[in-house]
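> Sharing a structure, written as structure tokens. Questions coming.
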Amino acid sequence: MKRKLNEHDVPEPATEAETSKTTQTKPTFASLGLDSRLLQAVNREKFAAPTPVQAKAIPLALEGKDVLARAKTGSGKTLAYLLPTINSILQRKASNKRAKTTSTLILVPTKELATQVTASIKSFTFFCAQEVRCENITRKEDAAVTKARLTDSPDIVIATPARAVQWINSEALKIDELKHLIIDEADLVLSYGYEEDLQSIANSLPTGVQKLMMSATLRTEVDTLSALFFSSAEAAAPTILDLSAEESAEKPTLSQFTVRTAEDEKFLLIYAIFKLQLIKGKVIVFVADIDRCYRVKLFLEQFGIRSCVLNSELPVNSRLHVVEEFNRGVYDIIIAADEGEVMGNEGGKRKKRKVEQEDNVEDEGEGDEQVDDVVVAEGGDDNEDGDEKPAAPRAAKRQRKLRADKEYGVSRGIDFRHVTCVLNFDLPTTSKSYTHRIGRTARAGQSGMALSFYVPKELYRKHKPTSLPQCEDDEEVLSKITKKQAEKGAEVKEWGLDWSKLEGFRYRLADALRAVTRIAVREARTKELRNELIKSEKLKRHFEENPEDLRHLRHDTESHAVRQQAHLRHVPDYLLPSGGKAAVSKDVGYVGLKSDRENRIRKARAFNKTRGKGRLSKGRGLDPLKSLNARGRGKK
Ligand SMILES: Nc1ncnc2c1ncn2[C@@H]1O[C@H](COP(=O)(O)OP(=O)(O)OP(=O)(O)O)[C@@H](O)[C@H]1O
């Protein structure tokens with residue numbers, strides 16, 4: 001892909017074809033010429049072959065080229081820059097083992113991503129940990145501690161741009177011998193309003209620093225990044241890698257569905273989906289804001305469906321722990337607030353807000369990062385090619401005061417593992433947000449499903465307690481999403497759902513929804529925050545020393561903010577859809593229904609019977625609960 005960059009008087013970038021020889025045979029990690037310790041680490045992770053972006057970017061980076069790479073979410077971009085960078089560090093260390101300089105600065109948009117990248121570095125330097133030291137300076141800690149960690153000039157420093165600038169200015173972070181500058185999730189780094197910080201870093205860079213920039217979307221960002229980092233007379237043009245062609249030739253592993261629904265029916269649907277286990281495995285439910293997180297959590301809680309919440313208000317340790325535990329399989333349902341998206345201010349309009357916070361950040365306690373005066377977006381360019389409307393302004397206005405961490409981000413960049421489904425309970429407001437959200441599933445060649453609820457115009461504002469201003473534009477946004485996905489060769493289909501089969505569930509919906517009052521939501525939110533702050537303190541102390549203890553901390557406990565209605569937890573047979581779960585939805589692609597427990601019990605009974613064992617002896621085969629249900633059904 002050739003981009004016109006002359007707007008900023010930047011040299012025309014070379015294409016990958018011009019700069020690297022294409023190999024006909026499928027590359028292996030061994031064929032990339034990496035250090036044997038890195039190959040061992042790759043082996044340890046059981047990665048069979050490099051992904052396309054790795055196969056293309058690693059050789060270029062090893063040659064010392066500057067690279068701007070765009071590849072889809074979950075395609076392995078982290079390793080694409082880590083392996084060649086660590087390889088270069090090892091090469092330099094081979095000639096001077098004692099060298100103590102910070103040679104690599106990795107910039108990321110969020111604390112979550114910084115932690116994830118640090119963990120990846122730890123894994124891939126497993127066999128050379130002595131030689132490659134890295135420090136993540138995004139975590140909240142005493143300034144003296146960060147300073148001490150930087151005094152030793154770690155080889156790799158991971159930071160958000162704001163943190164990096166802060167420590168460069170204080171001269172604790174020395175970049176005069178920097179060799180590699182990496183910007184991960186470059187589009188987000190820009191959209192989080194870090195442009196000024198990037199400019200400041202670009203001005204302080206010594207000459208000859210290799211720049212590697214990775215992103216899931218790169219359009220207008222190419223121009224901005226080029227102007228920031230490649231506009232000086234001596235700068236060579238970066239190689240722009242765009243994996244679009246390869247990606248559209250790949251067999252899609254993500255199935256995308258939508259459901260047209262009324263505002264309150266979203267709750268009916270989510271209840272039915274989890275109660276009937278229509279979706280198998282781990283699910284991330286994206287909602288529009290923090291209150292919505294608790295509304296959905298409290299609603300589900302009444303049916304005995306447990307979930308944990310993720311939002312910018314929670315202390316960072318808790319957030320990281322939730323993601324970690326979810327990846328370990330401790331929780332199945334995360335309800336995540338995609339708040340930045342709803343404020344519509346990821347489009348470069350965050351500057352004022354960011355600067356104001358940054359001043360406070362060092363003085364506040366963990367989890368107390370506070371935004372008192374959020375400057376909400378007037379507009380924004382959070383879109384894939386600049387033709388979309390920003391988030392609903394009314395939604396933005398509502399977010400006047402909130403305690404939030406601007407370096408929070410779950411819909412973007414975080415490597416949630418083995419997610420079966422991304423459920424957009426509230427549709428995002430831009431197709432770019434949609435792309436990032438659905439990128440949390442179907443990662444690294446695995447399959448996954450995205451299911452999005454949307455409210456048509458005629459059903460908007462019909463149920464005020466569950467109404468959300470941004471839903472007014474759902475249809476419009478959906479048509480843009482569909483168009484954008486079609487351009488990528490992906491189809492967004494209507495979910496084949498038989499609404500009539502869910503009638504039995506409606507009866508409980510009203511009861512459960514009524515119980516989730518605004519006061520209950522506020523109470524749950526305060527309680528959760530308080531509990532998480534306490535847990536976070538524990539997490540802080542124990543995080544590294546006692547990982548085992550952390551396993552006892554759960555984030556999906558019930559908040560009891562709503563009146564408990566015991567009957568809601570059990571779904572009697574007469575409320576279940578006739579024809580079973582399969583009758584509710586057939587068109588779920590590869591996402592099968594959870595294996596039926598009842599079948600397994602029956603099978604076990606049959607097996608025991610053949611062996612002459614079992615709890616039920618002859619004549620006692622009648623299950624009293626079943627006969628009760630049967631009578632109940634007969635009466636109806
Ligand atoms: N060569 C490989 N083979 C198999 N799995 C891989 C390979 N490379 C990376 N992975 C795994 O793929 C997953 C996604 O990788 P990564 O987080 O780097 O993707 P990404 O492109 O940065 O995604 P995003 O844009 O969402 O941040 C990770 O769990 C990673 O361990």
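> For labels at Asp142 and Tyr507 in the simple 7 Å Cα→Cβ model, what's the distance in nm?
6.2 nm
> Which value, in Å², gives the accessible area per residue of the stretch 473-533 when a 1.4 Å probe is used on the protein heavy atoms? Numbers along the way, then the final one.
Working: 3270 Å² over 61 residues.
I get 54 Å² per residue for the stretch 473-533.
> Once you put a point 7 Å from the Cα of Ala119 and another 7 Å from the Cα of Asn203, both along the Cβ direction, what distance in nm separates them?
3.7 nm
> Something else now. Can you list residues from other chains, or at least 5 along the same chain, whose modelled amide H is less than 5 Å from the amide H of Leu241?
Leu68, Ala69, Arg70
> Which loop-located trypsin sites (Lys or Arg not before Pro) does the stretch 201-263 contain, where loop means any DSSP state but H, G, I, E or B and the Cβ has at most 16 other Cβ atoms within 10 Å?
Filter output for the stretch 201-263: Arg219.
> Could you look at the stretch 132-279 and say what percent of its accessible area is carbon and sulfur, using a 1.4 Å probe and all protein chains?
On the way: 2250 of 4830 Å².
Here it works out to 47 percent.
> Can you work out ³J(HN,Hα) from phi for every residue in the stretch 426-434, in order, using Karplus 6.51 cos²θ - 1.76 cosθ + 1.60 and θ = phi - 60°, giving whole Hz and x for Gly and Pro?
For the stretch 426-434, the Karplus-derived couplings read 10, 4, x, 9, 9, 6, 5, 4, 4 Hz, x marking Gly and Pro.
> So if R0 is 41 Å, what FRET efficiency would Glu458 and Glu196 give, r being the distance between their Cβ atoms, rounded to the nearest 0.05? It would help to have the intermediate numbers written out before the result.
Working: r = 45 Å, r/R0 = 1.09.
It comes to 0.40.
> What nm distance separates the two modelled labels at Thr253 and Ile519, each placed 7 Å from Cα along Cα→Cβ?
In this crude spin-label approximation the distance works out to 5.0 nm.
> Something else: How many angstrom lie between the C-alpha centres of the stretch 257-294 and the stretch 156-221?
38 Å
> I've got another one for you. Using a 10 Å cut-off on Cβ atoms, rank the peptides 98-104, 445-451 from the highest mean neighbour count down.
So the peptides 98-104, 445-451, ranked by packing, come out 445-451, 98-104.
> Let me ask something additional. Go through 108-116, 280-288 and give me the packing order, highest mean Cβ count within 10 Å leading.
The peptides rank, most packed first, as 108-116, 280-288.
> For the ranges 428-437, 191-200, 118-127, what's the packing order if you count other beta-carbon atoms within 10 Å of each residue, average per peptide, and put the highest first?
Most protected by this proxy first, the peptides run 428-437, 191-200, 118-127.
> For the stretch 82-221, with every protein chain kept in place, what is the accessible area per residue (1.4 Å probe, Å²)?
On a per-residue basis, 35 Å².
> Past 30 Å, Cα to Cα, is the threshold; run Lys457/Lys484; Lys65/Lys122; Lys100/Lys122; Lys77/Lys266; Lys275/Lys483 against it and keep the listed order.
Lys77/Lys266; Lys275/Lys483
The values are calculated or read from the model by the stated rules, or taken from the named source; none is laboratory data. A quick note: this is a predicted structure, and the numbers were derived from the prediction, not measured. FYI the Cβ positions are ideal-geometry reconstructions off the backbone, even for glycines, and counts take in every protein chain you see. Surface accessibility is based on the protein's heavy atoms, side chains included, excluding ligands, DNA and RNA. Shrake-Rupley method; radii C 1.70, N 1.55, O 1.52, S 1.80 Å.
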